[in-house]
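The structure appears below as structure tokens.
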Amino acid sequence: MGIRTHAITFIHNILDAQFTSRTPYGSLEGKHMIEMGNMYIRKDAIEWIERNKFRLDGFSQIDNGMIAKEYWTALGCKHTSIDLNMKEGALPIDLRQSIKNNDVNRLVDSADIIIDSGTSEHVEYQYMNWKNLYDIAKVGAVFIHCLPKIGHYPNHCEYKYDIEFFVQLARENDYQILELSNSYSSAEICAAYRKTNNKGFMSENTFSKLPLHICKPEGKPELNDRVLYPWAYGK
């Protein structure tokens, strides 16, 4: 999975605004970032960073790009990634199951930042995916999502989103919306919000009423991600 120019732009816009010495939350130094998926920063995003932020010398370069874990760590974060493939040191946590009920990695209430640039749309049990993100976030944590819009990426994933999904998700969980945008990418929603309390995630019945778009294969027997990642899907 990869972070492209639109995603790195949005992520940095949020991080640069929310984590500085001038804000109550301080700098990125020592903040626990949990990243959904073992992510790579793609060539176009690398070029954006070098034009707008820093020179990137000494980082591992592989076919997929630069390992995102190395980049976030260099910025001062304590970094954890979650991915069943266990690549780049990712923890093999199944997001279809409750992390809170089996927290062997002590992730519950630990994250200051959660970055989700192309993972949530692949998780079969959507309610548990979004509840897990709530449960691992501290009060005050920032969520940053770049996820596919309805009408784009045919056969890429089963679930797609629109702005209203995030508006209602934020309302039901008392999240403070930092930014919701269609403008960073024609094909993705960029959403950022802050967790304001620990009253508990919304009920599954209420979640089922959110405008989540369930997409079926278009001219193919199954969705692309089931072909690519069969080991991550139940029978």
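Which whole-angstrom value gives the distance between the alpha carbon centres of the stretch 171-218 and the stretch 1-80? Taking the Cα centre of each part, the stretch 171-218 and the stretch 1-80 sit 22 Å apart.
Taking every protein chain into account, the 1.4 Å probe leaves Arg194 with about 10 Å² of accessible area, to the nearest ten.
Direction-averaged shadow area of the convex hull around the Cα atoms of the stretch 1-141, nm²?
So the Cα hull casts an average projection of 8.4 nm².
Across the stretch 1-92, Cα pairs under 8 Å and at least six residues apart give a relative contact order of 32 percent. A P(r) calculated from all alpha carbon pairs of the stretch 1-78, with 5 Å bins opening at zero, reads 3, 15, 25, 28, 19, 8, 2, 0 percent. Restriction of the GluC sites (Glu not before Pro) in the stretch 1-106 to DSSP coil positions whose beta-carbon has at most 12 other beta-carbons within 10 angstrom yields Glu29. The heavy atoms of Ser60 present about 40 square angstrom of accessible area, all protein chains included, probe 1.4 Å. Is the C-alpha gyration tensor of the stretch 96-235 telling us rounded, prolate or oblate? Criteria: a/c under 1.5 is rounded; beyond that, a/b larger than b/c is prolate, otherwise oblate. Because a/c hits 1.5 or more and a/b fails to exceed b/c, the stretch 96-235 counts as oblate.
Looking at the stretch 31-99, what % of its DSSP beta bridges pair antiparallel, to the nearest 5?
Here the share of antiparallel DSSP bridges comes out near 40 percent.
When the surface is traced with a 1.4 Å probe over the full set of protein chains, Leu75 keeps roughly 40 Å² accessible. What are the membrane-span-like helices in the chain by this rule: whole DSSP H runs, Cα extent along the axis at least 18 Å, mean Kyte-Doolittle hydropathy at least -0.5? Passing helices, by number: 5-18.
Among beta bridges identified by DSSP and lying wholly in the chain, the antiparallel ones come to about 50 percent. Applying 1/(1 + (r/R0)^6) with R0 = 22 Å to the Cβ-Cβ distance of Asn101 and Ile214 gives a FRET efficiency near 0.30. For the set His156, His6, solvent exposure ranked by accessible area (probe 1.4 Å, protein chains only) runs largest to smallest as His156, His6.
So, for the stretch 96-234, what is the accessible surface per residue at a probe of 1.4 Å, expressed in square angstrom?
Spelled out: the 1.4 Å probe surface of the stretch 96-234, per residue, equals 44 Å².
Restricting the count to DSSP beta bridges whose residues both fall in the stretch 15-145, what percent are antiparallel, rounded to a multiple of 5?
Roughly 20 percent of the DSSP beta bridges within the stretch 15-145 come out antiparallel.
Dimensions of the chain based on its C-alpha atoms, expressed as ranges along the principal axes with the largest first, amount to 44, 41, 37 Å.
Only Cα pairs under 8 Å and 6+ residues apart enter the sum, and on that basis the relative contact order of the chain stands at 17 percent.
The values are calculated or read from the model by the stated rules, or taken from the named source; none is laboratory data. The model shown is predicted, which means the values in this text are computed figures rather than measured ones. So basically every Cβ, Gly included, is an ideal-geometry build from the backbone, and we count neighbours across all protein chains shown. These area figures cover heavy atoms from the full protein model, side chains too; ligands, DNA and RNA do not enter into them. Shrake-Rupley method; radii C 1.70, N 1.55, O 1.52, S 1.80 Å.
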